[in-house]
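Would you mind keeping the following structure in view while I ask a few things?
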Amino acid sequence: MAKIELRNLAHSYGGNPSGPQDYALRRMDHVWEDGGAYALLGPSGCGKTTLLNIISGLVQPSEGEVVFDGQQVNTLPTERRNVAQVFQFPVLYDTMSVYDNLAFPLRNRGVSEDRIRERVEEIAAMLDLGDVLKRRAVNLGADAKQKISVGRGLVRSDVAAVLFDEPLTVIDPHLKWRLRRKLKEIHERLQLTLVYVTHDQTEALTFADRIVVMSEGEVVQLGTPQELFERPAHTFVGYFIGSPGMNFLDCGLDGDAAVVDGHRIPLSEEVLEAARQAEGRLEIGIRPEFLELTEDSGGVPAEVEFVEDRGTHRLIKTRVGDNELFVKLRDDQPLPAERARLRFPPEWTLLYANSRLVR
Ligand code: ATP
């Protein structure tokens, strides 16, 4: 397995880019650790597949370097980069047995039949394919076929990285959850460097140790699920992660507080310290999980627009001036009246300047 470095990497499909709008990938510098599980997460068109294809060698970057374990691989074709890839749709030999499909990448490399049997049986057991090894792939359903594709990606232990491009798209929703957990277990057991493209936050959060959140060709944050949840580096990450996403309110600053619609919202020392350098459009951000209802007269007055019972919690939609704010309440907490007051715990109230976290 390899450490992957992206040095000053950027890509423009057209050539001769005249500005940021001409880049499918904006400049980035990252080190992805050997044995790490990384998810590339973002909406359609943000550049996930472009980045994956640059790592695999299907696309050559127009700027910067891709480095595997210290060696620049920009011009090395895919087959010489020693990466395994799993695509959205199954890629396998229909007429071969499941066993032969899984053995194929190993036979290609001259691995001994004894070692092949060991490895194929190990991977098949992990993916619950043990009972169908002798069957022809053609007779199996879409789920099983995609599991074989995943198995083919994982079967070699000598690859630099295994790259997945939305591999669970064709999988039945019930099985999806199990397979995600399986992939995580397999990663922990085999210590592979995995890069996994998805637009589904649940998939990214269950699978990866580190999530690379992309928006409009830019990596807006690379962090653990907890970092993305607690300290989104960009308003886009706040919106995109969470259900519903983070609340953002335009604000001004006055002394030790943010001011929203004439109401003062105290900020933490840490935010105030950093706020001295903040310029541009200012917003405060707070997750619905951290916003509280209070009886205290110092709370910000809000109108309650609706309450939705979500089984494990209740979601309250409130309004402060022109701002909509969501609050999540546990089932055992009392419901608010039509008019309520909101408390913004300073430790969870973050400040953003021109969409970036002030820190
Ligand atoms: P999706 O989830 O829909 O696959 P994505 O996040 O993987 O999207 P990319 O497919 O990498 O995004 O596309 C990023 C941008 O690059 C888009 O604007 C897309 O139109 C453009 N693009 C992708 N492939 C090419 C190509 N071969 N030639 C020109 N432009 C391309």
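The values are calculated or read from the model by the stated rules, or taken from the named source; none is laboratory data. Since this is a predicted model, take the numbers as computed values, not measurements. Cβ coordinates were reconstructed from backbone atoms using ideal geometry, including for glycine residues, and neighbour counts include every protein chain displayed. For the accessible areas, the whole protein counts, side chains as well, though only heavy atoms, and no ligand, DNA or RNA atoms are used. Shrake-Rupley method; radii C 1.70, N 1.55, O 1.52, S 1.80 Å.
Using the heavy atoms of the protein chains alone and a 1.4 angstrom probe, what is the accessible area of the range 1-57 per residue in square angstrom?
Here the per-residue accessible area is 40 Å².
Quote to one decimal, in nm, the extra length available between Lys182 and Ser243 on full extension: 0.36 nm per residue of separation minus the C-alpha distance between them.
19.5 nm
Note down the magnitude of the dipole of the range 191-286 about its Cα centre, charges +1 on Lys and Arg C-beta and -1 on Asp and Glu C-beta and zero elsewhere, to the nearest 20 debye.
120
For the range 245-357, give the percent of accessible area contributed by carbon and sulfur heavy atoms, probe 1.4 Å, rounded to a whole number.
43
Another question about this same structure. Using only the Cα atoms, what convex hull volume per residue in Å³ does the chain have?
That works out to 163 Å³ per residue.
Using the Karplus curve 6.51 cos²θ - 1.76 cosθ + 1.60 with θ = phi - 60°, work out ³J(HN,Hα) for each residue of the range 296-312 in order, rounded to whole Hz, and write x for Gly and Pro.
4, 5, x, x, 7, x, 9, 8, 8, 9, 7, 10, 10, 7, 10, x, 7
Ok, one more. Taking the alpha-carbon centroid of each part, what is the distance from the range 157-172 to the range 192-260 in angstrom?
Each part's Cα centre sits 23 Å from the other's.
Below 12 angstrom from the Cβ of Leu40, what's the summed charge of the other residues (Lys, Arg +1; Asp, Glu -1)?
Its environment carries a net charge of -2.
Between Thr224, Tyr196, Asn247, whose Cα lies farthest towards the positive end of the dipole of the range 150-261 when Lys and Arg beta carbons carry +1 and Asp and Glu beta carbons carry -1, centred on the Cα centre?
Tyr196
When the Karplus curve 6.51 cos²θ - 1.76 cosθ + 1.60 is applied with θ = phi - 60°, which whole-Hz ³J(HN,Hα) does each residue of the range 218-226 get, with x for Gly and Pro?
10, 7, 8, 6, 10, x, 6, x, 5
At a probe size of 1.4 Å, how large is the accessible area of Thr349, to the nearest 10 Å²?
Only protein atoms counted, so the area is about 0 Å².
Further question on the same structure: Which one of Val98, Val197, Val300 has the biggest mean-square fluctuation once the chain is modelled by GNM with Cα springs under 10 Å?
Val300
Over its Cα atoms, what ratio of radius of gyration to 2.2 N^0.38 Å does the range 245-357 give?
So the range 245-357 has a normalised radius of gyration of 1.06.
Any chance you could check the Cα centroid distance between the range 292-338 and the range 1-66 for me, in angstrom?
The range 292-338 and the range 1-66 have Cα centres separated by 41 Å.
Moving on. Please compute the length gained on full extension between Asp158 and Thr294, using 0.36 nm multiplied by the number of residues separating them and subtracting their Cα-Cα distance.
43.2 nm
List the GluC sites (Glu not before Pro) within the range 216-281 that fall in a DSSP loop (any state other than H, G, I, E or B) and whose Cβ has at most 15 other Cβ atoms within 10 Å.
Sparse-neighbourhood loop GluC sites (Glu not before Pro): Glu279.
Ok, one more. Along the charge dipole of the chain, Cβ charges K/R +1 and D/E -1, which of Val83, Gly110, Pro167 sits furthest on the positive end?
Gly110
Also: Where does the charge balance sit around Leu9 when Lys and Arg score +1, Asp and Glu -1, over other residues with C-beta under 11 Å from its C-beta?
Around Leu9, the charge tally is -1.
Quick one: among Gly64, Gly311, Gly42, which has the greatest mean-square fluctuation in a GNM of the chain with alpha-carbon springs under 10 angstrom?
Residue with maximal mean-square fluctuation among Gly64, Gly311, Gly42: Gly311.
Compute the projected area of the convex hull of the Cα atoms of the range 29-113, averaged over all viewing directions, and report it in nm² to one decimal place.
Orientation-averaged projected area of the Cα hull: 7.8 nm².
Same structure, new question: Rounding to the nearest 20 debye, state how big the charge dipole of the chain is about its Cα centre with +1 on each Lys and Arg Cβ and -1 on each Asp and Glu Cβ.
My answer is approximately 1380 debye.
Here is a further query. So, in nm, how far is label Asp69 from label Leu175 when the simple model puts each one 7 Å beyond its Cα toward the Cβ?
Simple spin-label model gives 3.4 nm for this pair.
Once amide H atoms are built 1.01 Å from N in the peptide plane, which residues 5 or more positions from Asn247, or in another chain, come under 5 Å H to H?
Ile286, Arg287
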